[in-house]
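Only the coordinates and a few stated rules stand behind these numbers; no lab work does. Every value quoted in this text rests on a predicted model; they were computed, and no experiment measured them. Here the Cβ positions follow ideal geometry from the backbone for every residue, glycine too, while neighbour counts run over all protein chains shown.
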């Protein structure tokens, strides 16, 4: 006989496994890229700092998927656990880093606009002090 709850359970297991696997791989890749940015002198400029900040935000979002979103889906935890104080704080943390990643996208776009549209002004605008103030 067909049991829909068993099928839903299997789907939740697969979804949780996919979330943890994809987020784990994303974390590994992001940490590798952060290491390369630190070790490569070519990226010790405004663009590199902005990219590094973006990678930090993305890694934090992925880590919450590895340690909270995936296991909650995998273990099929009910609302009594996910709607707790800790669950709400984790949601706020994810929102904070999501908005930080969005802000970094905007910074990269402005950085590239200035580099293309006003190449002579780029050196003045992209000095380390100016960029670190915006970050």
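Side notes on the structure shown:
- Rounded to 0.05, the FRET efficiency of the residue 106 and residue 9 pair, given R0 = 35 Å and the Cβ-Cβ distance, is 0.25.
- Structural descriptor for region 1-75: relative contact order 55 percent, calculated from alpha carbon pairs under 8 angstrom and at least 6 residues apart.
- Cα long-axis angle, helix 46-64 against the chain (0 to 90 degrees, to the nearest 10): 10 degrees
- Shown is the FRET efficiency for residue 95 and residue 17, computed with R0 = 22 Å from the Cβ-Cβ distance and rounded to the nearest 0.05: 0.30.
- Rounded tilt (10° steps) of 85-117 against the dominant C-alpha axis of the chain: 30 degrees
- Ordering of 44-57, 105-118 by packing is 44-57, 105-118, highest average first (other Cβ atoms within 10 Å, averaged per residue).
- Bins of 10 Å from zero: percent of alpha-carbon pairs in region 9-131: 13, 32, 28, 16, 9, 2
- Potential lengthening between residue 36 and residue 75 on full extension [0.36 nm per residue; Cα-Cα distance subtracted]: 10.5 nm
- MRE, 222 nm, helices only [DSSP H, n ≥ 4, -39500 (n - 2.57), over the chain, to nearest 500]: -27500 deg cm²/dmol
- Taking Cα atoms only, the orientation of helix 4-39 departs from the longest principal axis of the chain by about 20 degrees.
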